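Below: the structure, in structure tokens.
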Amino acid sequence: MDQIPDSETKGEKEKMKQVQQERKCPECGGIVRPGYTELVYELECQVQIKDVPANVCSQCGEAFITGRVAAEVNRLVNRVVEDVTSFLKTQPQTRKTRAIAIAI
Ligand SMILES: [Zn+2]
């Protein structure tokens with residue numbers, strides 16, 4: 001039986017928790033706190049997404065998005081671009097540069 005003693009498991013969990021709480025900005029070393037950011041994509045049209053959940057540096061304002069949020073945003077952007085592209089195809093001589101703003 002390769003059972004891990006309870007004290008060791010608990011220690012590991014506490015260590016992970018501590019790491020999550022003490023996030024520091026790799027850019028400036030400032031404290032990173034949960035917040036929101038704005039993302040702008042220059043694609044077939046300009047897609048601007050507001051209030052994206054992110055960890056934001058309290059010192060330099062750099063925003064860090066988790067992999068899960070990034071994947072959701074990507075899916076959303078792809079869908080919007082697809083919709084806009086097919087809409088534009090139905091519009092003769094429509095100028096392609098359009099800005100789409102999404103607020104989460
Ligand atoms: Zn920073």
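For the reader, a short list of remarks on this structure follows.
Each row is one residue, and each column tells you yes or no for (1) at pLDDT 90 or above; (2) within 16 Å of the ligand (Cβ to nearest atom).
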residue: 10; (1), (2): no, no
residue: 21; (1), (2): no, no
residue: 25; (1), (2): yes, yes
residue: 28; (1), (2): yes, yes
residue: 33; (1), (2): yes, yes
residue: 37; (1), (2): yes, yes
residue: 40; (1), (2): yes, no
residue: 44; (1), (2): no, no
residue: 58; (1), (2): yes, yes
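- When residues in region 60-82 are screened for being on the phi < 0 side of the Ramachandran plot and within 16 Å of the ligand (Cβ to nearest atom), 5 of them pass.
- Filtering region 44-70 to residues that are of a type in the set (Gly, Ala, Ser) and under 19 Å from residue 103 (Cβ atoms) leaves 54, 63, 70.
- Here residue 77 clears all of (1) at pLDDT 95 or above; (2) surrounded by 14 or more Cβ atoms within 10 Å (Cβ to Cβ); (3) out of contact with any Ser or Thr (no Cβ under 9 Å at 6 or more places or on another chain) except the condition numbered (1).
- Residues located in region 49-71, provided they are surrounded by 15 or more Cβ atoms within 10 Å (Cβ to Cβ) and over 8 Å from the mean Cα position of the chain (by Cα): 49, 55, 56, 57, 62, 63
The values are calculated or read from the model by the stated rules, or taken from the named source; none is laboratory data. Since the structure is predicted, the reported quantities are computational estimates derived from the model, not experimental observations. Cβ coordinates were reconstructed from backbone atoms using ideal geometry, including for glycine residues, and neighbour counts include every protein chain displayed.
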